[in-house]
1. What is the angle, in °, between the Cα long axis of helix 105-119 and the longest principal axis of the Cα atoms in the chain? Nearest 10 is fine, range 0 to 90.
2. Tell me the label-point distance for the pair ALA100, VAL131, using the 7 Å Cα-to-Cβ offset, in nm and rounded to one decimal.
3. Sort PHE103, PHE155 by Cβ crowding within 10 Å, fewest neighbours at the top.
4. As I understand it, the dipole of the stretch 3-122 uses +1 on the Cβ of Lys and Arg and -1 on the Cβ of Asp and Glu, about the Cα centre. Which of LEU16, THR58, ALA95 lies farthest toward its positive end?
5. Run through every distinct alpha carbon pair of the chain and return the Kirkwood hydrodynamic radius in angstroms, one decimal place.
6. Hey, got the dipole for the chain? About the Cα centre, +1 on K and R Cβ, -1 on D and E Cβ, debye to the nearest 20?
7. Based on the alpha-carbon gyration tensor of the stretch 1-68 and its eigenvalue square roots a ≥ b ≥ c, which shape applies: rounded if a/c is under 1.5, prolate if not and a/b is larger than b/c, or oblate?
8. Is the C-alpha gyration tensor of the stretch 96-213 telling us rounded, prolate or oblate? Criteria: a/c under 1.5 is rounded; beyond that, a/b larger than b/c is prolate, otherwise oblate.
Amino acid sequence: MQQILVIDNDIALCQLITEYLEPKGYKVETAYDGTTGAERALSGEHALAVLDYAVPGTSGLGLLRHIRAHSPLPIVMLSARGDDIERIIRLQIGADDYLAKPFNRLELVARIEAVLRRTQIYLEPARKMIVVGDLEIAGLTRTVRRAGEVVKLTFIEYSLLEKLLSPPGQILERARIAKEVLHRDLSPLDRSIDTHLSNLRRKLGHKVNGGERIKTVRSVGYIYASPNGGE
């Protein structure tokens with residue numbers, strides 16, 4: 001049974017989330033302050049954390065940064081603020097998904113299950129090493145190295161990079177990213193794909209072989225530069 005950690009000082013909301021998730025087969029643990037939440041999030045006992053923006057003892061963003069600096073634990077953030085800027089900031093810092101309050105319980109469960117599906121690669125058989133130019137990807141450990149240096153990626157960033165490199169030099173459509181990486185249908189107003197690509201470019205370096213490492217194909221998708229510098 002997978003265990004979900006809910007970090008939120010709203011006791012009633014935590015009880016509702018528990019009621020939503022337990023019938024789906026999840027075990028739910030709650031933490032009502034940032035100190036306890038951080039300790040439990042780094043325990044290695046949970047499959048995913050649901051984190052509220054306003055947590056006593058620290059800011060939700062501060063707690064997100066702390067967890068992400070020490071653990072790849074998948075995180076779905078909740079907030080009463082649902083504007084695009086807030087969403088982008090949270091995704092840039094390392095949240096795997098974001099849901100504005102008030103939310104539909106079915107959507108919350110769907111988002112959690114989608115994020116968990118992305119992380120199932122850890123449980124799959126070992127994958128072969130992928131080497132493209134200055135990048136090396138070890139499938140078993142999900143370790144990415146650029147010119148020999150380890151690059152820390154989130155689950156989504158890793159999955160996105162893997163899709164871009166399978167094989168390089170071919171267009172990866174936005175609809176495919178939404179379906180195979182985010183595990184949901186493409187929405188014209190959802191800018192999370194762009195945010196994850198921006199993070200990936202920043203971490204890997206924008207340029208390779210004198211050109212763009214990841215190119216945008218307007219209104220279609222993205223393409224990773226082939227090893228010989230062509231498309």
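1. For helix 105-119, the angle is close to 40 degrees.
2. Going from the ALA100 label point to the VAL131 one covers 4.8 nm.
3. PHE103, PHE155
4. It is ALA95, whose Cα lies furthest towards the positive end.
5. 18.5 Å
6. 780 debye
7. oblate
8. Because a/c hits 1.5 or more and a/b exceeds b/c, the stretch 96-213 counts as prolate.
Any read-out appearing in this document is the output of simple, stated calculations on the displayed coordinates, not a laboratory observation. The structure presented is a predicted model; accordingly, all values stated were derived computationally and were not measured. Here Cβ is always computed from backbone atoms with ideal geometry, including for glycine, and neighbour counts include all displayed protein chains.
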